[in-house]
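Undergrad: First the structure, then my questions, so here it is.
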Amino acid sequence: MIEKNMPLPEGFPLTSLFGLRDRFQRRVSDTLGVRIWARGNDVYFSGGDQAVEMAVELFRIMKEKIIKRGEVTDDDVQCLLSQVVEDEIADTVGRIPPFEVMNGRRFRPRTAGQARYVKAIMENEVVFGIGPAGTGKTYLAVAAAVAAMKAGKIKRLVLVRPAVEAGENLGFLPGDLKAKIDPYLRPIFDALRDMMDPLLLRRMTEEEVIEMSPLAYMRGRTLNDAFIILDEAQNTTVSQMKMFLTRMGNNSRVIISGDVTQVDLPRNTPSGLVDAIRRLEGIPNIAVVEMGEMDVVRHDLVQKIIRAYEEPEKVPEKRDSYFS
């Protein structure tokens, strides 16, 4: 951790630099993980060495723009942040080519953690992607799979998820197998709809080129020439994870994604994801990539929500506080 300061000219409009209601300051702080504040005619930065250097340089450029033309815009700040993130990605893992999917769209990592994840997918046969909600674990895995299918590298895409409910029992679900598993696989299907024409997606699903399956139906199978994605893997048991990993066939690639802080298994049931990471450490062609709150690319509030849940629980001073 380091602390640096950047002096401002006398009478410099701090509101122009920090933005209306400090929105520029908050955006830079949340993106880079740096604490930023003003005191007197100085702006102060505190955080990791590299992150602080990036924040100081970004604010220096913003200051020069304000001096020259009187303001910086939201677009200016976003472009500067994007350039900083691109440079960080390049310094971390090198330039990562975008995934080209079937509807002509291109997807590339937006954070250094995502870049490490994509690089691991490109270079390893089994990849564990660990991180909180919104870090793109599932989305990037689906994009990699669709791009591999478009390039003819694989013949099938198999999407798997354990049928574990997040803290509530939905009871008996009516309908055929597809109708029963649809609620569990909906997040993966949403990602596919972003990347493929709806008619093509329907045809490939009907022909089982793209297959969505609950984890329980994977036993006894061997999947060749396939891209296999296991989502919400923190909700597998140890025996389920072993069963899933041994389904891998020739010319297949496996991606396992999950958030070890959101395990919905019964109490005292070990998570197969946590167990597998420990057991498989150091085996060639198996990579584990951990992402954190700085890799969250959903709404800005998601980072703050994750941070709030990671902090020690606040204890109310009075018994009737917080609606108790």
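Undergrad: Starting at the first residue of the stretch 143-152, write each ³J(HN,Hα) from the Karplus equation 6.51 cos²θ - 1.76 cosθ + 1.60 with θ = phi - 60°, in whole Hz, x for Gly and Pro.
TA: Once rounded to whole Hz, the list reads 4, 5, 5, 5, 5, 5, 5, 4, 7, x.
Undergrad: Dimensions of the stretch 32-82 along principal axes (Cα, Å, largest first)?
TA: 31, 29, 13
Undergrad: Run the numbers on the stretch 1-142 and let me know its relative contact order in percent, using alpha-carbon pairs under 8 Å that are six or more apart. Write out the running numbers ahead of the final one.
TA: Values: 145 pairs, mean separation 24.6, N = 142.
Computed over the stretch 1-142, the figure is 17 percent.
Undergrad: Right, something else. Just the ratio, please: alpha-carbon radius of gyration of the stretch 1-113 over 2.2 N^0.38 Å, N its number of residues.
TA: Numbers: Rg = 15.7 Å, N = 113, 2.2 N^0.38 = 13.3 Å.
Taking N as the residue count of the stretch 1-113, the ratio is 1.19.
Undergrad: Over the stretch 184-229, what percent of the accessible surface lies on carbon and sulfur atoms, probe 1.4 Å?
TA: Details: 1150 of 2390 Å².
The computed percentage sits at 48.
Undergrad: Right, another one. Let me see the P(r) profile for the stretch 1-58: every Cα-Cα distance counted, bins of 5 Å, each bin given as a percent of all pairs.
TA: All Cα pairs considered, the percentages come to 4, 21, 31, 26, 13, 4, 0.
Undergrad: Alpha carbon centre of the stretch 107-159 versus the stretch 1-30: separation in Å?
TA: Cα centroid to Cα centroid, the span is 36 Å.
Undergrad: If you don't mind, another one. I'd like the Karplus ³J(HN,Hα) series for the stretch 27-41: coefficients 6.51, -1.76, 1.60, θ = phi - 60°, whole numbers in Hz, and an x wherever there's a Gly or Pro.
TA: Whole-Hz 3J(HN,Hα) from phi for the stretch 27-41: 5, 5, 4, 5, 5, 9, x, 10, 7, 10, 8, 10, 8, x, 9.
Undergrad: Among the listed pairs LYS153/LYS242; LYS150/LYS242; LYS4/LYS63, which are separated by more than 24 Å between their Cα atoms?
TA: Working: LYS153/LYS242 26 Å; LYS150/LYS242 30 Å; LYS4/LYS63 16 Å.
As for pairs spanning more than 24 Å Cα to Cα, those are LYS153/LYS242; LYS150/LYS242.
The values are calculated or read from the model by the stated rules, or taken from the named source; none is laboratory data. Given the structure is predicted, the values throughout are model-derived calculations rather than measurements. Protein only, heavy atoms only, side chains kept; ligands, DNA and RNA dropped before computing areas. Shrake-Rupley method; radii C 1.70, N 1.55, O 1.52, S 1.80 Å.
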